[in-house]
Amino acid sequence: MAAAVRTTCAYCGVGCGISATPTGPRVVTIRGDEAHPANAGRLCSKGTHLGETVGLAGRLLHPMIGDRQVRWDKALDLVAKRFRDTIARYGPDSVAFYVSGQLLTEDYYVANKLMKGFIGSANIDTNSRLCMSSAVAGHNRAFGEDVVPASYQDLDKADLVVLVGTNTAWCHPIVYQRIQAARTARGTKLVVIDPRRTETCEGADLHLPLRPGSDVALMNGLLAWLADKGMVDRAFVDSHVEVPDGFWEHLATGHDLWTTAQTCDLDPAVLLRFYEMFAAHPRTVTLFSQGINQSIRGTDQVNAIINVHLATGRICQPGAAPFSITGQPNAMGGREVGGLASTLAAHMDFAPENVARVGRFWAAPRMATRPGLKAVDLFRAMGEGRIKALWVMATNPAVSLPDAGNVRAALEKCPFVVVSDVIADTDTTAYADVRLPAAAWGEKDGTVTNSERTISRQRPFMALPGEAKPDWWIVKEVARRMGWSGEFAYDHPADIWREHARLTAYQNEGARVLNLAAHAAIGNGAYEAMEPFRWGGTPFADGRFPTPSGRARMVKVGQMDLQAPLADWPLTLNTGRYRDQWHTMTRTGLASKLARHREEPLVEVHPADAAALGLNDRDLARVSTPQGNSTFRVMLSEGQRVGEIFTPIHWTDRTSTGGRTGLLPRPLVDPHSGQPGFKSTPAALAKVETEWRGFLIVRAEEPVRVPCLWATRVAVPGGALYEVAGNGDAARLESCLPRGERVEAIDATRGTRRVAVIAQGKLAGVLFVTRSGLLPSRDWLIDQLQAEDVGAAVLAARGPGSQPDKGATVCVCFDIGLNQIVAAIREQALVDVPAIGTALGAGTNCGSCRPALARILTQTNEEALDAAE
Ligand code: SF4
């Protein structure tokens, strides 16, 4: 057996260390790296199941021009020529790169250098723009540099953790587990501020379900109350903080408890309790994420949080800091190299002295002298014909950008689109003139930076398949063909690392906290062996900030007017992630276990709204906004505020006929950061009637086009499961079944049709549809895809001795369903989550389902109490 390789998780910004042991061709055993400071051996459900995603299904393995496989030389020559010709004819700002937080720092560095130093434009932006650019802008305004002033160790030392706009239990599970461990060990208090009651709220000391977009009012109200109680740290503020004129006067009016409670739509008593908890615990970490950043006031919301920490001196000390946590594995590395259109390189902006400095370092012939187009503006410019050549690297903007319908129109219009990606067929590659096969996780070699500034190696443990190449190699080959061979003469990612590290130190003189001088002169061996390290130590510990005055800056921010519901769009749409899926599911969608947690894209609706709209749980409903519409499965949820709905971001045209959240949000952005406001779009909801519903299970690996109104696909062991619904004759769906011996059963009274196809004694596919009857659990039928000697009895959807329906999957590690958990709680009188673990195993591996177990436990016991009364 090969030795274990230490690498870093492919998914979120927690940046967990992984120990990967290859056990066969593209087979790997995944464990948490016990020596990694981010996770100490723990992994969430996504990280745990990474091994299921390293196969070659759907991979792009060869360079393609249109649908033609070509040699690398030919593809690279074409890309270089089209970019060169476009620049010669229309100027450097007529081309753009749209890159990704999935790229490694070395990939990012080369792409940024090519665009900003050699092409001479700053039109390189990243999908991290959608995730945390408001935090970048907020840090720059407050600290003078984009430095996260916190580490995970602060969560261990805090007495109070305030989670604002983050479903940490689902989106950053290992950080959530770390907070829970601190709560158990030292009684850390936990407050969750979020319009939705998510699983993150389970067991929290307080949940503030505030009105969306009222975070500035809440933080200003908190600061006004603290000031009134004399809890501003005057000594710290006087020595280390610039306070703008009129700041305190501004807070003195309209920020009293009652007004703030009314603005935020909160119970004043709950709000006061939060204020008092905050006042009582000087060691406070306020951790925030997309709920703060993804707003048209995201930067102000970030600064409202930082203001509170600066005013109370809760920064630069153990257990006290504002903490922005990032969504992507290398969003932070992208920020460090300058892979945003609004920054230049190595934490420098476009000030003339910085442009000159970086130009000298790169020996660049044509430096960009001003910021480029941020993501939303970039695609708008493309739609207007101003961007004529685009290179998309490792991302899927046709799905993920707001107003994605117009993004697709822009891609269609762009004269030349290159996509380098791991996956051959995505919603974005459909628009590509050239597709370039890139290295995937497990093949990549370089570094990433996590949310707490820890840089870790991503190491390869599999050979590059087909003709796939690292992203940095692809970019430097194009750069060489554009005429810059000497400047892009990299043979190894360590060459790029050294140059990047030297640039951070170049004429730094203490002006920037980001300074990797100590890591700039390492050899290839030391690069290979590099241990995780956190740059910047405890930044600002000496009370000095990288601003001209050396002081941090409080920023006067006011609450914007909150939009009243519109007549045609009476609801507010919020969007976000699921626990077990990642972005557009090109990787997590391959892991059948992960698919079981949520098999369809759901619109979560408060029961009161559902009743008013005539909607029942599991109906289909169309979400409409002025930008577009898409259909979702209804899920009733008391966790939603009345008037607000929630949809997930993950589904694409490749996986569903509906669930396309990206079509719905407005392309409105924060004026400072350019980050889109994904979290509150005016919307409407209406029932979608269908005459029949059912499911299709097929052995085929390749997706099947299912001709009906509603069809969503997830991977299952040995094949795929499609949930279907539609109108007219359902018999047309039988064209989706494979060839083989057919058996069928028809119940004309209920309009039920069950068809199975058996080939060589094995189940090749089943189609169950009904107009008015019940549908059986899919679990037993899915198991039959792997069974021998399947016969006509399969139509019963149950075998002899088969278990009762286990219900929706809660614990993906041990495949434990809701019905099993409820039965165990009732029958065995289980009283806590560890007891459920002892009884069923649920929650004892990755732990991602523990908040769900706590919620089920509470609900089941409440139901039992109600029944007893
Ligand atoms: S929390 Fe989960 S998804 Fe995020 S880095 Fe860790 S294992 Fe990966």
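Return yes when Ala96 is within 16 Å of the ligand (Cβ to nearest atom) and hydrophobic (A, V, I, L, M, F, W, C) and no when it is not. So Ala96 does not fit the description; no.
Can you find, within segment 512-551, the residue that is nearest to Thr105 (Cα to Cα) among those that are of a type in the set (Lys, Arg) and in a loop (DSSP other than H, G, I, E, B)? Checked segment 512-551; the qualifying residue nearest to Thr105 (Cα to Cα) is Arg512.
Kindly evaluate Leu78 against the criterion of being away from the ligand (no atom under 12 Å from the Cβ), touching a residue at least 40 places away in the same chain (Cβ under 8 Å) and buried (at least 20 other Cβ atoms within 10 Å of the Cβ). Answer is no for this residue.
Contact annotation: residue pairs with Cβ atoms under 9 Å, 6 or more positions apart or on different chains, pairing a residue in segment 39-65 that is polar (S, T, N, Q) with a partner that is part of a strand (DSSP E or B) and within 15 Å of the ligand (Cβ to nearest atom), are Asn39/Gly17; Asn39/Ile18; Asn39/Gly32; Thr48/Ile30; Thr48/Arg31; Thr48/Gly32.
Filter segment 1-28 down to the residues that are away from the ligand (no atom under 16 Å from the Cβ), in a loop (DSSP other than H, G, I, E, B) and either over 23 Å from Trp582 (Cα atoms) or touching a strand residue (DSSP E or B) at 6+ places or on another chain (Cβ under 6 Å) (or both) and list them by number. Result: Met1, Ala2, Ala3, Ala4, Pro25. Contact map, segment 365-382: residues that are under 24 Å from Phe488 (Cβ atoms) paired with residues that are hydroxyl-bearing (Ser, Thr, Tyr), Cβ distance under 7 Å, separation 6+ or inter-chain. Pairs shown: Ala368/Ser121; Pro371/Ser342; Gly372/Ser121; Leu378/Tyr98.
Each residue in segment 86-110 was checked for being farther than 22 Å from Gly120 by Cβ, among the polar types (S, T, N, Q) and assigned to a helix (DSSP H, G or I), and 1 of them qualify. There is no residue in segment 649-662 that is at pLDDT 95 or above and under 19 Å from Ala686 (Cβ atoms). When restricted to residues that are out of contact with any helix residue (DSSP H, G or I) (no Cβ under 6 Å at 6 or more places or on another chain), closer than 17 Å to Glu199 by Cβ and assigned to a loop (DSSP other than H, G, I, E, B), segment 812-840 contains 2. Within segment 285-293, the presence of a residue that is in contact with a His (Cβ under 7 Å, 6 or more places away or on another chain), part of a helix (DSSP H, G or I) and of a type in the set (Ser, Thr, Tyr) is excluded. Does segment 161-190 hold any residues that are farther than 28 Å from Ala10 by Cα and crowded, with 23+ Cβ neighbours inside 10 Å, and which are they? Scanning segment 161-190 gives Thr188, Leu190. Filtering segment 34-50 for residues that are within 16 Å of the ligand (Cβ to nearest atom) and hydroxyl-bearing (Ser, Thr, Tyr) leaves a non-empty set. Among the residues of segment 217-236, the ones that are in contact (Cβ under 8 Å) with a residue 24 or more places away in the chain and surrounded by fewer than 23 Cβ atoms within 10 Å (Cβ to Cβ) come to 10 in all. Against the numbered list (1) in a loop (DSSP other than H, G, I, E, B); (2) in contact with a His (Cβ under 9 Å, 6 or more places away or on another chain), Lys593 comes up short only at (1). The set of residues in segment 841-865 that are away from the ligand (no atom under 16 Å from the Cβ), outside any helix (DSSP H, G or I) and in contact with a Gly (Cβ under 7 Å, 6 or more places away or on another chain) contains only Thr844.
If you check Thr712, Thr690 for being in contact (Cβ under 8 Å) with a residue 40 or more places away in the chain, closer than 30 Å to Thr572 by Cβ and assigned to a strand (DSSP E or B), only one passes: Thr712. Elements of the type strands (runs of 3 or more DSSP E) sitting completely within segment 749-811 and holding at least 1 residues that are more than 30 Å from Ala824 (Cβ to Cβ): these cover 752-759, 762-770.
Gly91 satisfies every condition listed in (1) surrounded by 17 or more Cβ atoms within 10 Å (Cβ to Cβ); (2) more than 16 Å from the ligand (Cβ to nearest atom) except (1).
Of the residues Gln102, Gln69, the single one that is without any contact (Cβ under 8 Å) to a residue 12 or more places away in the chain, at negative phi and out of contact with any helix residue (DSSP H, G or I) (no Cβ under 6 Å at 6 or more places or on another chain) is Gln69. List every residue pair whose Cβ atoms sit under 6 Å apart, with the two residues 6 or more apart in sequence or on different chains, where the first one lies in segment 494-521 and is closer than 21 Å to Pro532 by Cβ and the second, anywhere, is assigned to a loop (DSSP other than H, G, I, E, B) and among the β-branched types (Val, Ile, Thr). Final answer for the pair search is Val513/Val147.
For the residues Glu336, Glu276, the requirement of being charged (D, E, K, R), assigned to a helix (DSSP H, G or I) and touching a Ser or Thr at 6+ places or on another chain (Cβ under 7 Å) singles out Glu336.
Within segment 429-450, if we keep just the residues that are surrounded by fewer than 24 Cβ atoms within 10 Å (Cβ to Cβ) and of a type in the set (Val, Ile, Thr), the residue that is nearest to the ligand (Cβ to nearest atom) turns out to be Thr429.
Filter segment 29-48 for residues that are in contact with a Cys (Cβ under 8 Å, 6 or more places away or on another chain) and assigned to a loop (DSSP other than H, G, I, E, B); which is farthest from Phe533 (Cα to Cα)? Of everything passing the filter in segment 29-48, Cys44 is farthest from Phe533 (Cα to Cα). Just checking, does segment 54-67 include any residue being within 12 Å of the ligand (Cβ to nearest atom), more than 30 Å from Lys374 (Cα to Cα), within 21 Å of the chain's Cα centre (by Cα) and surrounded by 15 or more Cβ atoms within 10 Å (Cβ to Cβ)? Checking segment 54-67: not a single residue is within 12 Å of the ligand (Cβ to nearest atom), more than 30 Å from Lys374 (Cα to Cα), within 21 Å of the chain's Cα centre (by Cα) and surrounded by 15 or more Cβ atoms within 10 Å (Cβ to Cβ).
Just one residue in the set Ala320, Ala331, Ala341, Ala304 is out of contact with any strand residue (DSSP E or B) (no Cβ under 9 Å at 6 or more places or on another chain), crowded, with 21+ Cβ neighbours inside 10 Å and touching a residue at least 60 places away in the same chain (Cβ under 8 Å); that residue is Ala304. Tell me, which residue of segment 150-159 that is surrounded by fewer than 24 Cβ atoms within 10 Å (Cβ to Cβ) and either within 16 Å of the ligand (Cβ to nearest atom) or not in a helix (DSSP H, G or I) (or both) is farthest from the chain's Cα centre (by Cα)? Across segment 150-159, the extreme among qualifying residues is Asp159.
Applying the set (1) small (Gly, Ala, Ser); (2) surrounded by fewer than 21 Cβ atoms within 10 Å (Cβ to Cβ); (3) more than 23 Å from Pro173 (Cβ to Cβ) to Ala35 leaves exactly one unmet item: (3). If the condition is being farther than 28 Å from Leu818 by Cα and of a type in the set (Val, Ile, Thr), then segment 756-789 contributes Val757, Ile758.
The values are calculated or read from the model by the stated rules, or taken from the named source; none is laboratory data. All values reported here derive from a predicted model rather than from experimental measurement. Neighbour counts run over all protein chains shown; Cβ positions are idealised from the backbone, glycine included.
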